[in-house]
Amino acid sequence: RFLSVYFFSFVVKQINFLRAVGDTFLSLCVWWPDIAKMTMLNPQFNNLPKLPGMGFGEELLRTDFRKSQLLNSKTGVQDKRVKPDVQPFDTLRLANTQLGGNTQAKMSLDRKVLRFQAFFKEGVHESPQEQERVRRCIVYYFLEDDTISVSEPKQDNSGIAGQGALIKRHQIPRPDGGAYSFEDFNIGREVMFYGKCFHLIDCDTFTRKFLLGLGVDVPEPEDQPQDQYTEIRRKVTAQMVPRKQKTGNDMDYHQGGSGRQAKLTPEEIGLTKQFLAHDKKVLRFYCQWDDRDSLYGDVRLYILHYFLSNDTIEIAETNPPNCGRDPFPSFVKRSKVPKQRDGQFVNPNASLSFKTETVEYFTDADLRIGNYLRIFGRTFLIYDCDEFTKNFLGSKYGITDFTPVDISQPGPPKIPVEPPPYNGFGDEEDSLGSWKYLVLKAPKKDIKKFMEHANNQLKFQLKLKGGDPSNAIRKFVLTYFLSDDTVSIFEPAQRNSGIIGGKFLQRQKVKKVGSDGLPTGEYIQPQDLYVGATVIINTHTFVVYSTDERSLTFMEYNAHQFPKSNIDIVLSNLRSMLVSRQTGLQHAFAAADSSGNGYLDYEEFAAIIERLQLPIAEQEILTLMRHFDRNSDGQISWTEFMDTVLPREVQSQYESKRDQAWEEIRAMAEQQTQDELDRFNSDMNGTVTQLNAFTDQAMRNFLEKWNQRRSLFMDVFRTVADHSPDGNIGEAEFRKAVQAKLKLGLTEKALKAVCYKLFPENLKRIPLLEFQRILNGTSTYVHLKPRR
């Protein structure tokens, strides 16, 4: 029983001991982080060396060693979540500071700042003028949170970069630990901010009152020391102050004592009058500077402006397009230009001495067309001026001759570039295309010409000249296609001749052959083909001895393109031959009519021309016979022929010139005709506007009738076009349709005006379809555009 009681008491004591030990351990575990934190925040522990085991790090304060979670998903959206361990600012202070205990004090110190003026010295190395520089600044102490900021006022021409905020607003630690408070600031003290010593020399009124209210004695302001560089800059700035100008009262006082009546000098008064009289009046001259004597020099053009308001000169260069020069706005800026003395240029503004020398400047009296100006070492030639300059110089100096100087330069001689010989690929135009262009392209065709002459062909009968006698019986048919100027030759088959007919020359362009037997480079044109002509094609010499009726009619309708079928030219030549006694043509015609019947046929006419060896082709004889043979019997009336070609009044007019050569007579007749035409044109110059108005009115009247009966008009024009040789409409067909068919009752003057409007000199024949477009107003022909 005793043992049991003793054992029970022993167990109870052990239990109590273990309970006490456990309570002690639990209290240590609870208070250990606070003890470590207090130890860490104690400034005395900050002076310990930074060695392992000598400090308490954040790892000793940690109680939660779980890995934090950064990624989170909320309402289906994945986001990065960071939960920093944020604690109130007051809990970081000393342990006895209560949370929210100084809130009212903070509110009372809100927006209250202590401001001190200070300076610090900064060493200047490698400078002969100074060793150190004093930099003044302002220190701000914010009472609400004990933060400090330092700023440096900017100084002009100080050469110091980065002036302004030196230290941003925050709590600055003291060198011995802890943070600065307002008790550390006063006039005369020095504070160390990050290794720089700031000496406080003054404060503002609020700071002084605040410190005095706390019982702190504030000394008097101290003077800021001056550095050597600041003194140097102050002296330089003092010298830059402008001289004090005299006021109006001072000038009146001096003028009254000296007897002067104006505040300006006579020179200033003259310049003012000149400015008011000639403001915005500028003389413009065109100049040239020949710089070809220097290396890579060239002839350059300039414009010289002379300002009459103050006698200044400005020179600007005119650069031609793609010259490669920079487009500078001015070559010589606006200023007074001095003249050169003894061929040497002296700039009065560049003199090293202050001696006043008389300088002569260019004036408007020195500027004339043809004069040479030596300006800043360059010689300028004035070759022209504008109209205002001519009027000004004429009114002031009486100049009347303003003939421009010819400055045109002969261009370099053009080197003839001959095309290479035909290479055999394609036709000759394709070969030339490969020589003219880098990128090959098909040669362009004349579509307009092709449309106008699509069905127009000229046919001639040829025979070989010379060579084998067996070739004398061979006959050839040459077809000239006016749409593309190509030629084809076909030889008809002849029975029992031993010659097989067929294509002699494929359709192609044929080049002309000169008198030396070599190609001239030009192609055969329709004017080169006429009855009696000799052509050489592929070394074969052909003689044209006949043509068909359609070809003759086409050439007569287009007589301006075929001079051998132009009756006016043929009659003019024949008239000159009949007048001249040297040809003997008139006596030959009279002798040919020995039978007395009064008629001449084609053979007799041709025999006379051949016997007299006159330069009249068989084509021209055909033109005469077709013109005078009214009944198509192959004969012409000698009396009618002479009355038309050489009437009696013409014979009396040329009676004094019958002994001259017929070429001279023709030249005089052409000159007389040209003089009459010029006289007529000069008389008509005054009425050109009236004629144009009358022509337009006549055309409008005709178009009104066309719009009223368009179908009837088109049927009539189609009928006359079908009966024309080429299927086109000319002035003759138009007159026939208007006068004989439609009977519109137009006067001859109105009809001529309409024909002049529809058929100009370069377009005498118009296709029917294009003629319809003209009347409908949808044609693109240039001559039908309304005049402006």
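The values are calculated or read from the model by the stated rules, or taken from the named source; none is laboratory data. Bear in mind the structure is a predicted one, so any value in this text is a computation, not a measurement. Positions of Cβ are backbone-derived with ideal geometry, glycine not excepted, and every protein chain shown enters the neighbour counts.
Quick look at the numbers
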{"read-out": "Qualifying position, being surrounded by 12 or more Cβ atoms within 10 Å (Cβ to Cβ) and closer than 22 Å to Gln561 by Cα, among Leu712, Leu746, Leu775, Leu763", "value": "Leu763"}
{"read-out": "Within region 200-241, tally of residues that are aliphatic (A, V, I, L, M) and modelled with pLDDT of 85 or more", "value": "7"}
{"read-out": "Neighbours by Cβ (under 9 Å, 6+ apart or cross-chain): first from region 395-421, under 29 Å from Trp289 (Cβ atoms); second among the charged types (D, E, K, R) and part of a loop (DSSP other than H, G, I, E, B)", "value": "Tyr397/Arg368; Ile399/Arg368"}
{"read-out": "Residues satisfying the stated conditions in region 377-405, i.e. over 33 Å from the mean Cα position of the chain (by Cα), within 28 Å of Arg341 (Cα to Cα) and either exposed (fewer than 12 other Cβ atoms within 10 Å of the Cβ) or not β-branched (Val, Ile, Thr) (or both)", "value": "Gly377, Leu393, Lys396, Tyr397"}
{"read-out": "Whichever residue in region 697-733 is at pLDDT below 85 and outside any helix (DSSP H, G or I) and, among such residues, is farthest from Arg773 (Cα to Cα)", "value": "Pro725"}
{"read-out": "Checking Ile536 against (1) in contact with a helix residue (DSSP H, G or I) (Cβ under 7 Å, 6 or more places away or on another chain); (2) over 11 Å from Phe460 (Cα atoms), the condition it does not meet", "value": "(1)"}
{"read-out": "Residue within region 350-365 that is in the same structural domain as Asp311 (by TED's automatic domain parsing), not in a loop (DSSP other than H, G, I, E, B) and not small (Gly, Ala, Ser) present", "value": "yes"}
{"read-out": "Cβ pairs under 9 Å, 6+ apart, first in region 424-452 and in contact (Cβ under 8 Å) with a residue 40 or more places away in the chain, second among the acidic types (Asp, Glu)", "value": "Met451/Glu770; Glu452/Glu770"}
{"read-out": "Residue within region 124-136 that is aliphatic (A, V, I, L, M), at pLDDT 90 or above and not in a loop (DSSP other than H, G, I, E, B) present", "value": "no"}
{"read-out": "All positions within region 554-563 that are in a helix (DSSP H, G or I), in contact with a helix residue (DSSP H, G or I) (Cβ under 7 Å, 6 or more places away or on another chain) and surrounded by fewer than 22 Cβ atoms within 10 Å (Cβ to Cβ)", "value": "Glu556, Pro563"}
{"read-out": "Residue in region 472-491 that is among the hydrophobic types (A, V, I, L, M, F, W, C), closer than 19 Å to Val543 by Cβ and modelled with pLDDT under 90 present", "value": "yes"}
{"read-out": "Qualifying positions in region 169-211 - hydroxyl-bearing (Ser, Thr, Tyr) and part of a helix (DSSP H, G or I)", "value": "Thr205, Thr207"}
{"read-out": "Checklist (1) within 30 Å of Arg233 (Cα to Cα); (2) over 60 Å from the mean Cα position of the chain (by Cα); (3) buried (at least 17 other Cβ atoms within 10 Å of the Cβ); (4) touching a residue at least 60 places away in the same chain (Cβ under 8 Å) applied to Arg115, failing item", "value": "(3)"}
{"read-out": "Residue within region 169-184 that is surrounded by 12 or more Cβ atoms within 10 Å (Cβ to Cβ), within 30 Å of Ile232 (Cα to Cα) and without any contact (Cβ under 8 Å) to a residue 40 or more places away in the chain present", "value": "no"}
{"read-out": "Matching residues, region 472-516, being of a type in the set (A, V, I, L, M, F, W, C) and over 26 Å from Pro421 (Cα atoms)", "value": "Ala472, Ile473, Phe476, Val477, Leu478, Leu482, Phe490, Ala493, Ile499, Ile500"}
{"read-out": "Region 444-471, residues that are basic (Lys, Arg) and modelled with pLDDT of 90 or more", "value": "Lys459, Lys463"}
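Per-residue answers, yes or no, for (1) at pLDDT below 90; (2) over 23 Å from Glu387 (Cα atoms):
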site: Asp252; (1), (2): yes, yes
site: Gly259; (1), (2): yes, yes
site: Gly270; (1), (2): yes, yes
site: Lys273; (1), (2): no, yes
site: His278; (1), (2): no, no
site: Lys281; (1), (2): no, no
site: Tyr306; (1), (2): no, no
site: Pro320; (1), (2): yes, no
site: Cys323; (1), (2): yes, yes
